[in-house]
Amino acid sequence: MSEALAHKNTYTEEDYYNLPENVRAELIDGQIYYMAVPGRIHQEILGFLFNTILNHINSGNGSCKVYPAPFAVKLFEHDDKTVVEPDITVICDPNKLTDRGCTGAPDWIVEIISPSTSSHDYVRKLNLYMDAGVREYWIVNPIDQSVYVYFLEEDKFRTTAYTLRDKIKVNIYDELWIDFTELRL
């Protein structure tokens, strides 16, 4: 993915939804950040996580919904200048689901990073998700084989670092663990 570049103009949610269908982008604080097509390893991780989460939900473990990118998330209901597209989004409140995606903070977001997006995911989105009240945020970094789990307590994220060789407890569920040793890259 090439470096996310912001344009100097201020854009709104309507500008975001009027982008051509084949353009992947996010709108953060009125700036459009274009995203490149993800690579093979990114997609393998995304598929593994999505299937694991979906299987858990489908086996009778809750009414949450899981969506892979592209899936639009408007984090703040009255903010028309921020719409993100996390790699994986889990929403447990059906009232947040709209025809366009999700309005409000999802319960769990997973971002799979590339070197060119790391500061975007580790800084800009981390603070954005914390401010919005996302309960759990995972950053999966296939380059350094790390997984950072951020869990919201009060108004701050508690952080735990793991590797792609660990079995990681999902905080929003009582019984869900992600065993990254099952991911064969």
Magnitude of the Cβ-charge dipole of the stretch 38-182, K/R +1 and D/E -1, about the Cα centre, nearest 20 debye?
-> 180 debye
Could you pull out every one of the lysines with an alpha carbon less than 22 Å from that of residue 81, ignoring same-chain neighbours closer than 8 positions?
-> 8, 96, 125
With a ≥ b ≥ c taken as the square roots of the eigenvalues of the C-alpha gyration tensor of the stretch 38-182, please select rounded if a/c is under 1.5 and otherwise prolate if a/b is larger than b/c or oblate if it is not?
-> rounded
Against the longest principal axis of the chain, how steep is helix 40-58, in degrees 0 to 90 to the nearest 10, with axes from Cα atoms?
-> 70 degrees
Cα lying deepest toward the dipole's positive end in the chain, options 98, 159, 83, charges on Cβ = 159
Sort out for me the Cα centre separation of the stretch 24-83 from the stretch 140-185, rounded to whole Å.
-> 16 Å
Within the chain, which cysteines find no other Cys whose Cβ is under 4.7 angstrom from their own?
-> 102
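No lab work stands behind these numbers, since they all come straight from the coordinates. Given the structure is predicted, the values throughout are model-derived calculations rather than measurements. Heads up, the Cβs are rebuilt from the backbone with ideal geometry, glycines too, and the neighbour counts pull from every protein chain shown.
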